[in-house]
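Each remark here refers to the structure printed beneath this line.
The values are calculated or read from the model by the stated rules, or taken from the named source; none is laboratory data. Computed from a predicted structure; not experimentally measured. Using ideal geometry, Cβ is built from the backbone for each residue, glycine included, and neighbour counts are taken over all protein chains shown.
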Amino acid sequence: MTDMRTPLNKVRGLGSAKDGTDHFWRQRLTAVANVPLILFFVGILISLNGASFEEVHAALANPIVALFMVAVMLSALVHMRLGMQVIIEDYVHGEGSKIILLMLNTFFTVAVGVTSLFALLKIALGG
């Protein structure tokens with residue numbers, strides 16, 4: 001079996017598609033980042049279970065909580081997008097369908113991220 005990589009890409013560790021290793025590491029980085037962030041998120045959910053609207057609003061208006069929530073959203077959304085991209089690339093065989101699904105994957109992630117960020121900033125900044 002011949003290696004289709006150029007000598008420079010062998011040194012850089014890039015595959016024939018030029019970005020497979022980068023994608024792999026970004027997915028692993030977001031997975032590691034998600035561990036403490038999701039634990040924080042679950043902790044907030046547990047601590048606010050049964051709380052009134054005013055208590056939840058006050059907790060999310062705290063700048064440190066708001067920053068962690070933004071980090072949770074961004075990391076989880078990037079990780080979700082990367083994971084769905086791999087699934088689409090591996091299991092969708094039609095090129096047209098693959099391109100459309102990859103675009104929808106990105107649009108969906110951006111839409112959820114913008115909407116969530118807007119809602120959180122509105123709460124955090126007293127809107």
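What the table below lists for this structure:
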item: Filter pass, THR30 being among the β-branched types (Val, Ile, Thr), in contact with a His (Cβ under 7 Å, 6 or more places away or on another chain) and within 24 Å of VAL78 (Cα to Cα); result: yes
item: Some residue of the range 72-82 being in contact with a Ser or Thr (Cβ under 6 Å, 6 or more places away or on another chain), of a type in the set (A, V, I, L, M) and in contact (Cβ under 8 Å) with a residue 40 or more places away in the chain; result: yes
item: Residue satisfying all of: in the range 7-42; polar (S, T, N, Q) and assigned to a helix (DSSP H, G or I); modelled with the lowest pLDDT among these; result: ASN9
item: Residue satisfying all of: in the range 27-53; touching a residue at least 24 places away in the same chain (Cβ under 8 Å) and small (Gly, Ala, Ser); surrounded by the most Cβ atoms within 10 Å (Cβ to Cβ) among these; result: ALA33
